[in-house]
Every structure is written in structure tokens, then in C-alpha cells.
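Working notes, beginning with the structure itself.
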Amino acid sequence: METKTKNEADVFLTPAAVEEVKGMILRKKLGNAALRLSVDGGGCSGLSYNLHFDTEITQNDEVFDFDGLSVIVDKKSGVYLTGTTLDFSTALVGGGFKFQNPNAKQSCGCGESFST
């Protein structure tokens, strides 16, 4: 499986998101785990974002490198995530991971689901 650089990526992670994910991998002692971004059916608006750690890469996955962090996106989810930026904020109110998806026609109030 070929890993693409962040300059070749269809999805983007801000430096804050990369730093937070790398820190989580270290704190949880997950070794060579990668961040998997995916889209599943469900949620308030029809589709929901999914983030989890993974060590398995299949032939249906694309892998992107963000400053040493591997990010996996399956091709089906990639259709919905093209151009999406994942950000992280440490704000007390409204902090956490946030998706900025140009494909989303509608999003729910929590920002965890969307429709196209």
C-alpha cells in the first residue's frame, strides 16, 4: 500500500489535530496505530463521522502521512470526505475534534453528522 504525503491528500488535518492524535497514541501506548477517518450511515443528519485508531490497512484504503501520523480513509468514505479538514481545539466550550466538510449540505448542531 502506497502512502501519500499530506500534499497529495484528499483530506486534511490541521497541525493541532495532528499533535493531539499523536499525543493520544503515545498516552494510550498504541505504538504504530494510525488514525482511521470514516463515514457511517446514521446520526441526526443521515451520515456520521467516525474516528478511531487502527493497525489494519486493506486494499480499499488510502493512507496519508501527516508529519509522521498515518491517516487511513477507505475509498467509500473518501467520496464524502474529499476536501474535509479535521481540526482540534482545546477550548473549554466547544473544544475537541471538528470537521469542516465542503461536501456537507446540512450538519447537525453537534457537528458529528451531516448530509450531502
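The values are calculated or read from the model by the stated rules, or taken from the named source; none is laboratory data. All values derive from a computational prediction rather than experimental measurement. Heads up, the Cβs are rebuilt from the backbone with ideal geometry, glycines too, and the neighbour counts pull from every protein chain shown.
What are the residues in the range 60-80 that are touching an Asp or Glu at 6+ places or on another chain (Cβ under 8 Å) and surrounded by 21 or more Cβ atoms within 10 Å (Cβ to Cβ), if any?
Phe64, Val71, Ile72, Val73
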task = Name every residue in the range 13-47 that is surrounded by 17 or more Cβ atoms within 10 Å (Cβ to Cβ), closer than 14 Å to Ser77 by Cα and small (Gly, Ala, Ser), in order of residue number.
result = Ser38
ask   = Name the pairs: first residue in the range 74-87 and farther than 11 Å from Pro102 by Cβ, second residue assigned to a helix (DSSP H, G or I), Cβ to Cβ under 6 Å, at least 6 apart or on different chains?
value = Leu86/Ala17; Asp87/Ala17
Filter result for Val18 (within 12 Å of the chain's Cα centre (by Cα), in contact (Cβ under 8 Å) with a residue 40 or more places away in the chain, within 22 Å of Thr3 (Cβ to Cβ) and not in a helix (DSSP H, G or I)) = no
task = Please work out which residue is modelled with the lowest pLDDT, limiting yourself to the range 66-116 and to residues that are aromatic (Phe, Trp, Tyr) and within 17 Å of Ala16 (Cβ to Cβ).
result = Phe99
query = Given (1) touching a residue at least 60 places away in the same chain (Cβ under 8 Å); (2) surrounded by 14 or more Cβ atoms within 10 Å (Cβ to Cβ); (3) among the acidic types (Asp, Glu), where does Asp54 come up short, assuming only one miss?
reply = (1)
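Considering only residues that are in contact with a helix residue (DSSP H, G or I) (Cβ under 7 Å, 6 or more places away or on another chain) and without any contact (Cβ under 8 Å) to a residue 24 or more places away in the chain, which ones fall in the range 21-51?
Ala33
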